[in-house]
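The values are calculated or read from the model by the stated rules, or taken from the named source; none is laboratory data. The shown structure was predicted, so the numbers you read here are calculated from the model rather than taken from an experiment. Note that each Cβ is placed from the backbone with ideal geometry, even for glycine, and that neighbours are counted across all protein chains shown.
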Amino acid sequence: MIKGTPEFIAERREEIINACEKLYRTMSFKEITLKEIGSETSFSRPSIYNYFESKEEIFLALFEREYVLWTDELRSLQSGAAGMSRDALAEAIAESLEKRKLMLKLLSVNLYDMEENSRMERLVSFKLAYGASREALKKLVSACYPEMKERALRTFIFTFLPFLHGVYPYAFATKKQIGAMDEAGIAHPELTVGGLVKEALLSMLPEKE
């Protein structure tokens, strides 16, 4: 049983998540350990276990926070969606994802490991955040395309969301990957999150009448 007020517990959880995010800017998922995360907090490493049982749970909480932020952005766009052109909608969603590079980076990691090594209540909390973002995206597109049938909306959602798993690796290839492509004679044009997302959306969204 964790001692402290709900506010205190929430602050400790946020400190741990923030420590994980800080490390993830310069280290890989595999390199980061609970010891490394603990060294970035104001309390002892064993105390982390009062809030998270594994490194994967911390990453999942960070992932959840990113989905919440994206959902907020998508919802903020809904009020003006009815008058948006196809290009404007694609641009707006692309810009929302430019701000969520961390979310896209986490999507490119093995999600199975994060989910398998997290408690069910943590996983359910994450899935709720993911589900909210999916619903917000659906409502945004529906507001822009009120005539779009449910089946077409579903097809769009389950085409676009899986596509996002590959955006980060294409936009942020490592030096080693670029070197290998050079040796293999494979072109590697400079790509951006916004550019990739917008082009994909323009290919998936129908022309407006």
Point to revise | Filter result for the condition that a residue is at pLDDT below 95 and either among the hydroxyl-bearing types (Ser, Thr, Tyr) or touching an Asp or Glu at 6+ places or on another chain (Cβ under 7 Å) (or both), over Ser85, Ser42, Ser76 | key: Ser42
Exercise for review: Being among the charged types (D, E, K, R) and over 25 Å from the mean Cα position of the chain (by Cα) is the filter here, so list the residues in the stretch 29-47 that pass it.
Suggested key: Arg45
Practice item. Would you confirm whether any residue within the stretch 139-158 is buried (at least 16 other Cβ atoms within 10 Å of the Cβ), in contact with a helix residue (DSSP H, G or I) (Cβ under 9 Å, 6 or more places away or on another chain) and among the hydroxyl-bearing types (Ser, Thr, Tyr)? Key: yes
Review point. From the residues in the stretch 73-97 that are surrounded by 15 or more Cβ atoms within 10 Å (Cβ to Cβ) and of a type in the set (S, T, N, Q), which one is farthest from Ser142 (Cα to Cα)?
Key: Ser96
**Study point:** Near pairs, Cβ below 9 angstrom, 6+ apart or cross-chain, from the stretch 190-209 (on the phi < 0 side of the Ramachandran plot) to any residue that is of a type in the set (S, T, N, Q)
**Key:** Val197/Ser96; Ala200/Thr159; Met204/Thr155; Met204/Thr159; Lys208/Ser85
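Does Ser203 satisfy the condition of being over 30 Å from Ala61 (Cα atoms) and among the polar types (S, T, N, Q)? Full working, then the answer.
Values: over 30 Å from Ala61 (Cα atoms): yes; among the polar types (S, T, N, Q): yes.
Yes.
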Study note, to complete from the structure: Of (1) under 25 Å from Ser108 (Cβ atoms); (2) assigned to a helix (DSSP H, G or I), Ala10 satisfies every one except (1)
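Regarding Phe158, is this residue farther than 24 Å from Ser28 by Cβ and of a type in the set (A, V, I, L, M, F, W, C)?
Numbers: farther than 24 Å from Ser28 by Cβ: yes; of a type in the set (A, V, I, L, M, F, W, C): yes.
Answer is yes for this residue.
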Study note, to complete from the structure: In the stretch 30-57, anything more than 19 Å from Arg119 (Cβ to Cβ) and aromatic (Phe, Trp, Tyr) is listed as Phe43
Practice item. Can you give me the ranges of the helices (runs of 4 or more DSSP H) entirely in the stretch 23-89 with at least 1 residues that are under 23 Å from Ser133 (Cβ atoms) and out of contact with any strand residue (DSSP E or B) (no Cβ under 9 Å at 6 or more places or on another chain)? Key: 55-78
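Just to be sure, is Ser85 farther than 30 Å from Lys30 by Cα and either assigned by TED's automatic domain parsing to the domain that holds Cys20 or among the hydroxyl-bearing types (Ser, Thr, Tyr) (or both)?
Numbers: farther than 30 Å from Lys30 by Cα: yes; either assigned by TED's automatic domain parsing to the domain that holds Cys20 or among the hydroxyl-bearing types (Ser, Thr, Tyr) (or both): yes.
Judged against the criteria, Ser85 is a match.
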Exercise for review: With the checklist (1) assigned by TED's automatic domain parsing to the domain that holds Phe8; (2) out of contact with any Pro (no Cβ under 9 Å at 6 or more places or on another chain); (3) in a helix (DSSP H, G or I) in hand, flag the one item Glu95 doesn't pass.
Suggested key: (1)
